[in-house]
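Asks: Below is one structure. I have some questions about it.
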Amino acid sequence: MSDLDALKATILQEVADAADLDALERVRVSALGKKGRITAQMKQLGGMDPEARKAAGQQLNAIKDAIQEAIDARKAVLAEAEMQARLERETIDVSLPARPREIGHIHPISRTVEEMIAIFGEMNFEVAEGPHIEDDFHNFSALNIPPEHPARQEHDTFYLEARAHDGERKVLRTHTSPVQIRSMRTHAPPLRVIVPGRTFRSDDDATHSPMFHQIEGLVVDKHITFAHLKGTLIAFCRAFFGVDDLPVRFRPSYFPFTEPSAEVDIGCSKEGGQLKIGGGEDWLEILGCGMVHPKVLENCGIDPNEWQGYAFGMGIERVAMLKYGIPDLRTFFESDLRWLKHYGFLPVDIPAPVRGL
Ligand code: PHE
């Protein structure tokens, strides 16, 4: 084998051995670069006599071409391998569940409201809202609570200062029921709304907060009966607490704006100081309800001979405490991050009735 053939074999072997694109480039430079081994051979051609130069030139060119070809082929293989490795490194499994990140927690009140909207939403209720600052008409008189009615005292109302030009005193709404009036006066029946929101009463002890939350429900349609009210609230309670056979009891009660009226209890057991929702011998009151009083319909321009309705109102803190085992009402509003981390919910965890709540 001539020296040139030996050189060619060495270089081709180096090309084959190059483990990556960088190594391959180093081989190329050392063979075909300005100071490369083949280039050095080329430079020697000038000193040869014409016959020998022609033969050696042809041989060198063939070797050069063969080396370049081998480099190109090896390059393609290495580039492909590098791409495969990179694809594997950068794989994303888009079917993986979202990874919970520490970007804060959803407050149990927000979560509970979301759950309620999800449940009533499936029953075709729409969400309505109203102002926190109300007038006497919407908060009381349109709801059949006249000025001297004892319910006014019971409500421990926060009054705003009298307005200069007419002396009117607005109130912080003491319940979400004024939004019943607002909904009926701005929308013609049939109506099907829920109203989650803040409410205010001048009451502050271990079991009362001056600001708390209620959710109101209102349905107005033709041929609405107490059976619709019962069916809806029983279905709601069972879905909300996730107990399919949860006992639900309707007890006669009184509200000025509903007739007949009832309070609703859910069954529970308190054995050994441990509260368990569902079954057992005990009852827990969770909401007030009834058939919309004909006078209330009339106050909203709705003919009670043609339309009937039912309404309900529920305290949100109370059911959230029962559902999530939160022992102290005051903690809801202390903004303690440790509490929120413990009782709060992850933002990615969105309530959906199909999964159970
Ligand atoms: N507004 C009543 C309360 O705050 C609850 C209620 C609403 C009762 C609707 C009956 C109908 O206690």
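Asks: Could you list 91, 225, 176, 157 in order of exposure, starting from the residue whose Cβ has the fewest other Cβ atoms within 10 Å?
Replies: 91, 225, 157, 176
Asks: Of the candidates 114, 129, 161, which one comes out as most mobile in a Gaussian network treatment of the chain with C-alpha springs shorter than 10 Å?
Replies: Looking only at 114, 129, 161, the largest GNM fluctuation is found for 161.
Asks: Sorted by mean Cβ packing within 10 Å, highest first, what order do the peptides 22-31, 254-263, 327-336 take?
Replies: Averaged packing, sorted descending, gives the order 254-263, 22-31, 327-336.
Asks: Give me 175, 132 sorted ascending by neighbouring Cβ count inside 10 Å, so fewest comes first.
Replies: Sorted ascending by nearby Cβ count, the order is 132, 175.
Asks: Got a sec? How would 92, 224, 277 order by Cβ neighbour count within 10 Å, fewest to most?
Replies: Fewest to most other Cβ atoms nearby, the residues stand as 92, 224, 277.
Asks: In debye, nearest 20: dipole of segment 221-314 around its Cα centre with unit charges on the Cβ of K, R (+) and D, E (-)?
Replies: It works out to roughly 80 debye.
Asks: Pick from 32, 229, 191: which residue has the top mean-square fluctuation in a GNM of the chain where Cα pairs under 10 Å get a spring?
Replies: 32
Asks: For the chain, what are the DSSP H helices with axial Cα length of 15 Å or more and mean Kyte-Doolittle hydropathy of at least -0.5?
Replies: Helix filter hits for the chain: 3-17, 21-32, 108-122, 226-241.
Asks: Tell me which of 343, 68, 181 sits at the most positive position along the dipole axis of the chain, charges placed on C-beta atoms (Lys, Arg +1; Asp, Glu -1).
Replies: Highest projection toward the positive end goes to 68.
Asks: As a check on your grasp of the helix formula, calculate [θ] at 222 nm for the chain: sum -39500 (n - 2.57) over DSSP H runs of n ≥ 4, divide by the residue count, round to the nearest 500.
Replies: The helix contribution divided over the chain gives -12500 deg cm²/dmol.
Asks: Dipole of the chain (Lys/Arg Cβ +1, Asp/Glu Cβ -1, origin at the Cα centre): which of 91, 149, 258 lies farthest to the positive side?
Replies: Checked the options; the winner is 91.
Asks: Taking the Cα centre of segment 108-343 as origin, sum charge times position over the Cβ atoms of Lys and Arg (+1) and Asp and Glu (-1), and report the length of that vector in debye to the nearest 20.
Replies: Using only the charged Cβ atoms, the result is roughly 340 debye.
Asks: Towards the positive end of the charge dipole of segment 39-126, with charges on Cβ (+1 Lys, Arg; -1 Asp, Glu), say which of 123, 57, 47 has the farthest Cα.
Replies: 47
Asks: Here's something else I'd like to know. Normalised radius of gyration for segment 238-301, please: alpha carbon Rg relative to 2.2 N^0.38 Å, two decimal places.
Replies: 1.44
Asks: How high is the relative contact order of segment 4-89, given as a whole-number percent (alpha carbon pairs under 8 Å, six or more residues apart)?
Replies: 35
Asks: Hey, another quick one. For residue 341, list the lysines whose Cα falls under 23 Å from its own Cα; do not include residues on the same chain fewer than 8 positions away.
Replies: The reachable lysines, counting only those whose Cα sits under 23 Å from residue 341, are 323.
Asks: Please identify, among 37, 201, 101, the residue showing maximal mean-square fluctuation in a Gaussian network model of the chain using a 10 angstrom Cα cutoff.
Replies: Between 37, 201, 101, it is 37 that shows the largest mean-square fluctuation.
Asks: Do any of 170/230; 8/43; 230/270 go past 23 Å between their Cα atoms, and which? Display every interim value, and only then the final one.
Replies: Numbers: 170/230 35 Å; 8/43 17 Å; 230/270 25 Å.
From 170/230; 8/43; 230/270, over 23 Å: 170/230; 230/270.
Readers should treat all values here as calculations from the given coordinates under stated rules, not as data from a laboratory. Please read all numbers here as calculations on a predicted model, not as lab measurements. Cβ coordinates were reconstructed from backbone atoms using ideal geometry, including for glycine residues, and neighbour counts include every protein chain displayed.
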